[in-house]
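Read through the structure below, which is laid out as structure tokens, and then see the notes.
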Amino acid sequence: YFRSFHRTDVWKDVWYIVTEKELCQKVKDYFSQIQKTDRLIQVNTLRSSLTSQNYELKPDKVQTSGAKDTLGETIVKIVALEDDINARIDELVDLKGDALNRISNVSDKDQQNILIARYVSGEKWKRIAVDLNFSIAQVYRIHGAALLDFAEKNPDILKDDSKREYQTWYNSIVKMHP
């Protein structure tokens, strides 16, 4: 089964023919940005906690070799990690805000709830089914329809450099058959 999408915003009068599976994968790729950014925040937070060290100042010890500022170096590393974490958190907030805005374009409320639960909140399928009082099979079915509706309502997420091949192909067809 093929579905056509008219993309005038990217290339005027170009039609793309993609399968529903490809559309669903593009939507999942879009949402995976949220999960990847969230994981980076978790990794950096863990790294920051492992990097931090507890120092106890002991005035009775005298250092005879050259000055070594390991405390200062550690603090600089922690501050850099914290800055990176804060930047990632800002990015995550922006990604989730964009996703919520795009999900609101989907007309069916059950579809919206499933997309939000799965991709914005990171819920497991069973939890979504229980929370929405659906069977797992119903959640999967609604999810599939939600991905297609999301792609249809947000065609700009399909933008891909590999699609330029279609433009070239289409232009060659138009030139051959005016």
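From the list Asp84, Asp13, Asp29, pick out the single residue that is of a type in the set (Asp, Glu) and modelled with pLDDT of 85 or more.
When all the criteria are applied, what remains is Asp29.
Val130 fails exactly one of the following numbered conditions: (1) within 21 Å of Lys36 (Cβ to Cβ); (2) modelled with pLDDT of 95 or more; (3) open to solvent by 60 Å² or more (accessible area, probe 1.4 Å); (4) of a type in the set (Val, Ile, Thr). What is the number of that condition?
Going through the list (1) within 21 Å of Lys36 (Cβ to Cβ); (2) modelled with pLDDT of 95 or more; (3) open to solvent by 60 Å² or more (accessible area, probe 1.4 Å); (4) of a type in the set (Val, Ile, Thr), Val130 breaks only (1).
What number goes with the only condition from (1) closer than 17 Å to Ser104 by Cβ; (2) more than 18 Å from the chain's Cα centre (by Cα); (3) of a type in the set (A, V, I, L, M) that Leu148 does not pass?
(2)
Restricting the search to the stretch 87-103, which residues are under 11 Å from the mean Cα position of the chain (by Cα), free of Cβ contacts under 8 Å to residues at least 60 places away in the same chain and surrounded by 13 or more Cβ atoms within 10 Å (Cβ to Cβ)?
If the condition is that a residue be under 11 Å from the mean Cα position of the chain (by Cα), free of Cβ contacts under 8 Å to residues at least 60 places away in the same chain and surrounded by 13 or more Cβ atoms within 10 Å (Cβ to Cβ), then Glu91, Leu92, Asp98 are the ones that fit.
Testing Val106 on (1) open to solvent by less than 60 Å² (accessible area, probe 1.4 Å); (2) in a helix (DSSP H, G or I); (3) at pLDDT 85 or above; (4) among the hydrophobic types (A, V, I, L, M, F, W, C), one condition comes back false. Which one is that?
(2)
Restricting to the stretch 72-119, and then to whatever is of a type in the set (S, T, N, Q) and in contact with a helix residue (DSSP H, G or I) (Cβ under 9 Å, 6 or more places away or on another chain), can you tell me which residue is farthest from Asp156 (Cα to Cα)?
We begin by selecting, within the stretch 72-119, every residue of a type in the set (S, T, N, Q); these are 74, 86, 101, 104-105, 107, 111-113.
Those left that are additionally in contact with a helix residue (DSSP H, G or I) (Cβ under 9 Å, 6 or more places away or on another chain): 74, 104-105, 107, 111-113.
Numbers: Thr74: 44, Ser104: 15, Asn105: 13, Ser107: 18, Gln111: 20, Gln112: 19, Asn113: 22 Å.
That would be Thr74.
The values are calculated or read from the model by the stated rules, or taken from the named source; none is laboratory data. Quantities reported herein were computed from a predicted structural model and do not represent experimental measurements. Quick reminder, even Gly has a Cβ in these numbers, built from the backbone with ideal geometry, and neighbours come from all protein chains shown. With ligands, DNA and RNA removed, areas are computed over all heavy atoms of the protein, side chains included. Shrake-Rupley method; radii C 1.70, N 1.55, O 1.52, S 1.80 Å.
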